[in-house]
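Below is one structure; the comments refer to it alone.
The values are calculated or read from the model by the stated rules, or taken from the named source; none is laboratory data. All values reported here derive from a predicted model rather than from experimental measurement. Positions of Cβ are backbone-derived with ideal geometry, glycine not excepted, and every protein chain shown enters the neighbour counts.
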Amino acid sequence: MPNPAPAHLLSRRFLPYFLTQALGAYNDNAFRFSVMFLLTYQMGSADAGDVDVLMNLAAGLFILPGLIFSPMAGHWADRLDQARLARALKWTELLLMAVAAVAFWLQSVWLLMTLVFLMGAQSAWFGPLKYAIVPRHLPADRLMQANGWVTASTFSAILLGTLTGGLLTATGEAATLWASGLVLTVALAGVLAARAIPPAPPPDGIPDHAGPIQSWLATWHLLQDQPPHLRQAMWLISWFWFVGAGYLTQFPRFSREVLDLPADGATGLLALFAISTGVGGLLVGYLGGSRPRLALAPFTALGVALVAIDWYLVASTANPTLWRIGIDVWLTGMLAGMLVVPLYSYLQRTALPSQRARVIAALNVQNALAMVASSVLGILLFAVLDIDLPTFFLLFGGSGLLVAGSLWWCWRGWQPNHG
């Protein structure tokens, strides 16, 4: 079992893993958004299907495997050497991207849809070890900094993946060729990076083999055995993804209908939110000390709510002030990053090493459900209650008031900074 002795983040204990997960996150988003953009602008006339249906189908097919496979993936990540598992998954990604190159060349919509699902499955299997492997190689006082970088890379991947899809469509008929070469190159780079990850054999207390149904039941029972404050930290992370998914989904409409910006406006808002989230995560990672400060959570949730109120007031005017909206988006992202990094660090330190991957797998299921719930609630708010976009952001961000209040109520007399 590796001994997480003092190590800097550029050492072999972290850098190969960081590059592996960052390249994988980018390839997930680059491939998915390339498919979605190409369906819209290049391949729509090649298939009689409704492009809007295919776009929503692609989004759903990428999230669905996280709900199906995460519990079983968590069991295997606790049973196997996590470095070897990471390498196997990167080879799987390379194989899938080789098939994707063929699908792009053939302009086969349904083969691409199948690959979106399979890439979602590959991501679901990588998800539990993404955070579980970090404490195996780094000491506890480095987790905040490491998670800051992981958060920054995750949101950078979302941004760069979106930009990649848009840029590829601008290349015209060569778009499918460029898309094929890009995803294959990134997948190969991920394979090479994963080869340098140090061994991470399973600790004591290896779980029994579990199939799909058994892994779901075992994960449910495992969650019930976790201390209440750990489960609260997990629900807070899912709330982060619930609000974040709602915001990101509505940025294009908000940019066009409220701010009256050109098509690039939505990309600008997305970039602002993604970069500020990464900056907030890095800021709290380096300035928050060596121990995760969970006492920050009520204040960051309250901050998100207060910013949402200002966002609503500005956006509801006849001529919204663009620079003030930009500040609100930036502050929301900063606060989100400052919320989620200590929570992940606390989870890594608190969960038992022999159960860590399964706990993270359960969290990934929660996060996927939170994003689905965010989408469903958005549909209901717009279709049934006929709310406007400023009210949508007020309701989603304003939920931070309930979160902050419930945290202060639950944490009375408990010191959440330990661990």
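Among the residues of this structure, residue 189 does not count as one that is over 29 Å from residue 277 (Cα atoms) and surrounded by fewer than 24 Cβ atoms within 10 Å (Cβ to Cβ). Taking the listed residues 146, 157, 175, 179, the one that is farther than 20 Å from residue 38 by Cα and either aliphatic (A, V, I, L, M) or touching a strand residue (DSSP E or B) at 6+ places or on another chain (Cβ under 8 Å) (or both) is 146, with no other qualifying. The residue list 403, 376, 365 contains one member that is more than 30 Å from residue 319 (Cβ to Cβ), of a type in the set (Val, Ile, Thr), part of a helix (DSSP H, G or I) and at pLDDT 90 or above, which is 403.
Just one of the listed residues (305, 318) is in the same structural domain as residue 407 (by TED's automatic domain parsing) and at pLDDT below 90, and it is 318.
Just name the residue that is modelled with the highest pLDDT out of those in region 16-63 that are among the charged types (D, E, K, R) and within 25 Å of residue 86 (Cα to Cα).
Among those that are among the charged types (D, E, K, R) and within 25 Å of residue 86 (Cα to Cα), it is 28.
With a requirement of 3 or more residues that are crowded, with 23+ Cβ neighbours inside 10 Å, touching a residue at least 24 places away in the same chain (Cβ under 8 Å) and hydroxyl-bearing (Ser, Thr, Tyr), the helices (runs of 4 or more DSSP H) lying completely within region 235-353 that satisfy it span 322-350. I'd like the residue in region 81-131 that is touching a residue at least 12 places away in the same chain (Cβ under 8 Å) and of a type in the set (Ser, Thr, Tyr) and, out of all such residues, is surrounded by the fewest Cβ atoms within 10 Å (Cβ to Cβ). Per the stated criteria, the residue is 92. Among the residues of region 192-215, those that are at pLDDT below 90, hydrophobic (A, V, I, L, M, F, W, C) and crowded, with 17+ Cβ neighbours inside 10 Å comprise 200, 210. Would you say residue 88 is out of contact with any helix residue (DSSP H, G or I) (no Cβ under 6 Å at 6 or more places or on another chain), at pLDDT 85 or above and in a helix (DSSP H, G or I)? Judged against the criteria, residue 88 is a match.
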